Amino acid sequence: MTKTDWQFVKYLDSIEHEYGYMLEHTGFYVCPGWMVLIQDMLREIDALHYGTGDHPEFTDIKEKFGRLRVYGNNIDDETEAIIDRYIILSGETCMTCGAPGQMREKGHWLYVACDEHARG
Ligand SMILES: [Zn+2]
């Protein structure tokens with residue numbers, strides 16, 4: 001297991017531990033560089049909903065066309081606004097390491113990478 005994989009698992013564990021009530025039926029398909037981003041997003045959403053008994057239930061948190069995508073049920077406007085902010089951030093965050101990056105294109109594949117992780 002590479003260092004990057006290990007960090008990915010660590011973050012996923014901690015996310016599920018802290019925000020599991022919103023993630024019971026969630027499929028994760030994300031890159032390691034975005035895990036901190038996703039954790040920050042869930043923290044903001046949690047702050048809005050924890051203890052209210054009324055909260056989003058996410059079905060998919062994944063990457064598509066170089067952007068974060070979040071799908072689920074019971075997503076209110078405030079939550080939607082938080083998610084939108086992180087979708088924009090994901091487009092500027094290296095998918096490999098989490099450093100500031102930019103959208104790049106290889107063939108039909110869009111991805112976000114810092115200069116170090118850009119694949120020629
Ligand atoms: Zn990078």
In a Gaussian network model of the chain with springs linking alpha carbons closer than 10 Å, the residue among I82, I45, I15 that fluctuates most is I82
In nm, the gap between the two label points placed 7 Å beyond Cα toward Cβ at E57 and E80 is 2.0 nm
Contact order relative to length for segment 3-91, counting C-alpha pairs under 8 Å separated by 6 or more residues, stands in percent at 29 percent
Cα-Cα pairs in the chain separated by more than 24 Å, as a whole percent of all pairs, come to 26 percent
If every Lys and Arg gets +1 and every Asp and Glu gets -1 at its Cβ, then about the Cα centre segment 6-116 yields a dipole, in debye to the nearest 20, of 560 debye
In nm, the gap between the two label points placed 7 Å beyond Cα toward Cβ at N73 and V36 is 3.5 nm
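Taken together, the values in this text are just the output of simple stated rules run on the coordinates, not laboratory data. Only a predicted model underlies this, so the values are computations on that prediction, with no experimental measurement involved. Positions of Cβ are backbone-derived with ideal geometry, glycine not excepted, and every protein chain shown enters the neighbour counts.
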